[in-house]
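The values are calculated or read from the model by the stated rules, or taken from the named source; none is laboratory data. Fair warning: this is a prediction, and the values are worked out from it, not measured in the lab. Quick reminder, even Gly has a Cβ in these numbers, built from the backbone with ideal geometry, and neighbours come from all protein chains shown.
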Amino acid sequence: MKEALRVAETALNVQEVPVGCIMVYKNMIIARSFNQTNLTLNGTKHAEFEAYDQIRALYPDTYREIFRETVLYVTVEPCIMCASLLRQLEIQLVVFGCPNERFGGNGSIFTVNKDISHLERPYQAIPGVLSREAVTLLRKFYLLENSKSPTSKDKKHRRLELNEFPPIDYSRYLNRDEFQKTRKRRQ
């Protein structure tokens, strides 16, 4: 997760929403990416989709099989769109930093990752790993002026809050039995 945070910091440095991810296959990082929605003016250029594109380009014949054994580490809970992609790819596991209280697809808003109406196998999501660091990066971004925003807001009087962080209701994501099964699978 620390590497995903470094990738998110890269995004922040280019005035992009600081969501970073890495994809790990057989203990090797096979993709690193960050959101590029501001840079490209394309709302689908989320970190997870960028990583997917990298893996598909590197492994055009076997990417589906690779995803079934891949772990995603991402600084913010995947949105509904990204959770749907990950579900269709049958990713093995998702580990994320902070919840996405507006668009979360792994428990905050919807549970796309384990909804029984999908045909693809569900995947486990482990929330809250280095959550404070992920929230801090987002707060830093939202203090900046966004030149790509249709109506820029005056942010001169905003402060970076580092003493209080939103609590995580883990029961919305993973129960004790699910957590134990996930740990056993990874060992």
Scanning segment 14-49 residue by residue, those surrounded by fewer than 22 Cβ atoms within 10 Å (Cβ to Cβ), closer than 19 Å to Cys79 by Cα and of a type in the set (Phe, Trp, Tyr) turn out to be Phe49
Assess whether Ser108 counts as being among the hydroxyl-bearing types (Ser, Thr, Tyr) and part of a strand (DSSP E or B).
no
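What residue, among those in segment 20-62 that are among the hydroxyl-bearing types (Ser, Thr, Tyr), part of a helix (DSSP H, G or I) and free of Cβ contacts under 8 Å to residues at least 24 places away in the same chain, is nearest to Gln88 (Cα to Cα)?
Here the answer is Thr37.
Only one residue in Arg64, Arg87 is among the basic types (Lys, Arg) and either crowded, with 24+ Cβ neighbours inside 10 Å or out of contact with any Gly (no Cβ under 9 Å at 6 or more places or on another chain) (or both), so which one is that?
The unique qualifying residue is Arg64.
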Working only within segment 71-84, note down all residues that are assigned to a strand (DSSP E or B) and surrounded by fewer than 24 Cβ atoms within 10 Å (Cβ to Cβ).
Val71, Cys79
Can you list residue pairs whose Cβ atoms sit under 7 Å apart, with the first residue in segment 71-84 being farther than 8 Å from Glu48 by Cβ and the second being part of a strand (DSSP E or B) and of a type in the set (S, T, N, Q)? Count only pairs 6 or more apart in sequence or on different chains.
Glu77/Asn106; Ala83/Asn106
From the list Asn113, Asn146, which residue is in contact with a strand residue (DSSP E or B) (Cβ under 7 Å, 6 or more places away or on another chain) and at pLDDT below 95?
Asn113
Please go through (1) outside any loop (DSSP other than H, G, I, E, B); (2) in contact with a helix residue (DSSP H, G or I) (Cβ under 9 Å, 6 or more places away or on another chain) for Arg6 and return the number of the only condition it doesn't satisfy.
(2)
Boolean, Arg158 is modelled with pLDDT under 90, of a type in the set (D, E, K, R) and touching a helix residue (DSSP H, G or I) at 6+ places or on another chain (Cβ under 6 Å):
yes
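A quick yes/no check of all residues on (1) hydroxyl-bearing (Ser, Thr, Tyr); (2) assigned to a helix (DSSP H, G or I); (3) surrounded by fewer than 16 Cβ atoms within 10 Å (Cβ to Cβ):
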{"site": "Lys114", "(1), (2), (3)": "no, no, no"}
{"site": "Ser117", "(1), (2), (3)": "yes, no, yes"}
{"site": "Arg121", "(1), (2), (3)": "no, no, yes"}
{"site": "Ala125", "(1), (2), (3)": "no, no, no"}
{"site": "Val135", "(1), (2), (3)": "no, yes, no"}
{"site": "Leu138", "(1), (2), (3)": "no, yes, no"}
Which of (1) without any contact (Cβ under 8 Å) to a residue 40 or more places away in the chain; (2) within 15 Å of the chain's Cα centre (by Cα); (3) surrounded by fewer than 15 Cβ atoms within 10 Å (Cβ to Cβ) is the odd one out, the single condition Lys2 does not satisfy?
(1)
